[in-house]
Amino acid sequence: MARTGLLLRTSRGLTEMVRNSAGLVLTVFLLLLVAASCDQQPTLTTTRGTARVECDESLFPVMQFQAEDFHNTYPEGRINIRSVEAREAVVNFVNDSIRVIALGRSFNKEELNYLKNANIEYEGYKVAYDAIAVIINRQRADSTLRLTELDSIFSSTLTQWRTGKRGPIDTYVGDVNSSTDELFRTMILDKRPFGRTVTRLKTSESIVEEVAKDPNAIGIVGLSWLRGHDQDVRVCRLGGGTYRPVVRAKAIIEGVKNNQQRIVITETPLQTERSAFVVRLKELVGNKALNSVSSVRDESEGERVRIVLDLEPSVDPDEVLNSLHHFTQAVDMTLVAGQYFSPAQAHVLRKYYPLSREVYMYTREVRRDVGYGFIAYVKDRKGQQNFLNHGLVPATTPVRIVGLTSDKVQ
């Protein structure tokens, strides 16, 4: 009996061992299934995954459309885009709380110095040409403004309308940290503050709404905020007096990484031969007028212009661009002084419109993830067409002006 009991206990022990072994096998099998399922999870790529992007508020309508269009094209890729003022986007970018931003301007000198001193690696891309539109109520028939008048209105020196229906000028601008604020004050007010009678509103949408309902109103917004408001406000033509557009070489900043940068000229100034322009650049480098440029080379092919200026390490590319424009710009003698220009796409492309500007996207991502993929999408054909459809001008794909006197581009 004892043996039987022992056997029974042994048999029961074997049974328990078998049960435990089966449980172990089942556990291992389940672990293998989990591991296999982990291996089968989608790998993050430039078209799959989720990325957060902060966008300059003045660009939000077109950039929101870009994000939605990206998702429609790549259903597994999603861009969560947030509208903030330009300055806030830059601060968050520097603090690494956001890694992709879109701005209606390039980094300013203060921001570039901080990025350089903090040894922050980033890449920047010019993706479109935009403009700051000056808008008035549709009841005001005269939509032409001299630049001197614009200065007087927004500095509150001129507070009463002189033409059309008389009355006080109600002036509206955006947030103090907006790109439209910074650029307008730089271009028109010589960096002076807005006048005492100027009213600040939180959003560009609010500015459009106020101008639409106030017969005495005038305001400033980015071009993409005008889409769908053609019947609500009137867009001003600017110029007059001695104003005559200055023609400059068109250039972009490439390869902003590890403080190694270069400027690529994609179009020479009007009526300037490319070969002569390259010779002029080499002379400027040789006599130290462009002393931050290490070399100049012409990589143009056929009609495609590509003149590369390699920069010394840790150089501010915007300062080099300013010097380049200073030494190579020319007045467009085909235009009579005193003309007025609207922010039509052809005028923005040619820089005839006085408040033309450029749109940049910046990224801190070293991985080629969906955030990087979104930038690539915006730079590619479909993204560039989206800019064109929203009244902006593509910066990375060729465009042509339709007709000699046309305001449109394709």
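The values are calculated or read from the model by the stated rules, or taken from the named source; none is laboratory data. The structure displayed is predicted, hence computed values, not measured ones. Backbone-built Cβ (ideal geometry, glycine too); neighbour counts: all protein chains shown.
Rundown of residues vs (1) farther than 30 Å from residue 375 by Cα; (2) surrounded by 14 or more Cβ atoms within 10 Å (Cβ to Cβ); (3) of a type outside the set (S, T, N, Q), yes/no style:
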| position | (1), (2), (3) |
| --- | --- |
| 105 | no, yes, yes |
| 115 | no, yes, yes |
| 129 | no, yes, yes |
| 180 | no, yes, no |
| 189 | yes, yes, yes |
| 197 | yes, yes, no |
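Just to confirm my filter: which strands (runs of 3 or more DSSP E) fall fully inside region 59-144 and include at least 1 residues that are in contact with a strand residue (DSSP E or B) (Cβ under 6 Å, 6 or more places away or on another chain) and farther than 27 Å from residue 261 by Cβ? Before the answer, list the steps.
Values: elements: 77-84, 100-103, 123-137.
Correct list: 77-84, 123-137.
Name the one entry in 249, 276, 217 that is exposed (fewer than 15 other Cβ atoms within 10 Å of the Cβ) and of a type outside the set (Ser, Thr, Tyr). Quick ask: steps written out before the conclusion?
Values: 249 fails: exposed (fewer than 15 other Cβ atoms within 10 Å of the Cβ); 217 fails: exposed (fewer than 15 other Cβ atoms within 10 Å of the Cβ).
So the residue among 249, 276, 217 that is exposed (fewer than 15 other Cβ atoms within 10 Å of the Cβ) and of a type outside the set (Ser, Thr, Tyr) is 276.
Please tell me if residue 289 is under 27 Å from residue 63 (Cα atoms) and among the small types (Gly, Ala, Ser).
Details: under 27 Å from residue 63 (Cα atoms): no; among the small types (Gly, Ala, Ser): yes.
Spelling it out, it is not the case that residue 289 is under 27 Å from residue 63 (Cα atoms) and among the small types (Gly, Ala, Ser).
Residues in region 107-130: is at least one farther than 22 Å from residue 322 by Cβ and in contact with a helix residue (DSSP H, G or I) (Cβ under 6 Å, 6 or more places away or on another chain)? Write out each step before concluding.
Here is the first cut: in region 107-130, the residues farther than 22 Å from residue 322 by Cβ are 118-121.
Checking the rest, the ones that are also in contact with a helix residue (DSSP H, G or I) (Cβ under 6 Å, 6 or more places away or on another chain) come to none.
Checked against the condition, which is being farther than 22 Å from residue 322 by Cβ and in contact with a helix residue (DSSP H, G or I) (Cβ under 6 Å, 6 or more places away or on another chain), region 107-130 yields no hits at all.
Scan region 85-97 and tell me whether some residue there is modelled with pLDDT under 50, over 16 Å from the mean Cα position of the chain (by Cα) and hydrophobic (A, V, I, L, M, F, W, C). Even if it seems obvious, please write down each step before you answer.
Taking region 85-97 as the starting set, the residues that turn out to be modelled with pLDDT under 50 are none.
There is no residue in region 85-97 that is modelled with pLDDT under 50, over 16 Å from the mean Cα position of the chain (by Cα) and hydrophobic (A, V, I, L, M, F, W, C).
Is it true that residue 106 is within 23 Å of residue 188 (Cβ to Cβ) and more than 20 Å from the chain's Cα centre (by Cα)?
Values: within 23 Å of residue 188 (Cβ to Cβ): yes; more than 20 Å from the chain's Cα centre (by Cα): no.
No, not satisfied.
Testing residue 176 on (1) farther than 21 Å from residue 370 by Cβ; (2) of a type outside the set (Lys, Arg); (3) part of a strand (DSSP E or B), one condition comes back false. Which one is that?
In the conditions (1) farther than 21 Å from residue 370 by Cβ; (2) of a type outside the set (Lys, Arg); (3) part of a strand (DSSP E or B), residue 176 misses (3) alone.
Can you pull out every residue in region 352-379 that is within 30 Å of residue 98 (Cβ to Cβ), in a loop (DSSP other than H, G, I, E, B) and at pLDDT below 95? Lay out the reasoning, then the answer.
The initial filter retains those residues of region 352-379 that are within 30 Å of residue 98 (Cβ to Cβ), namely 355-379.
Checking which are in a loop (DSSP other than H, G, I, E, B) leaves us with 355, 364-369.
Those that are within 30 Å of residue 98 (Cβ to Cβ), in a loop (DSSP other than H, G, I, E, B) and at pLDDT below 95: 364, 365, 366, 367, 368, 369.
Would it be correct to say that residue 342 is without any contact (Cβ under 8 Å) to a residue 40 or more places away in the chain, of a type in the set (Gly, Ala, Ser) and out of contact with any helix residue (DSSP H, G or I) (no Cβ under 7 Å at 6 or more places or on another chain)?
Numbers: without any contact (Cβ under 8 Å) to a residue 40 or more places away in the chain: no; of a type in the set (Gly, Ala, Ser): yes; out of contact with any helix residue (DSSP H, G or I) (no Cβ under 7 Å at 6 or more places or on another chain): yes.
Spelling it out, it is not the case that residue 342 is without any contact (Cβ under 8 Å) to a residue 40 or more places away in the chain, of a type in the set (Gly, Ala, Ser) and out of contact with any helix residue (DSSP H, G or I) (no Cβ under 7 Å at 6 or more places or on another chain).
With (1) without any contact (Cβ under 8 Å) to a residue 12 or more places away in the chain; (2) in contact with a strand residue (DSSP E or B) (Cβ under 9 Å, 6 or more places away or on another chain); (3) buried (at least 18 other Cβ atoms within 10 Å of the Cβ) as the list, and residue 158 as the residue in question, which single condition is left unmet?
(2)
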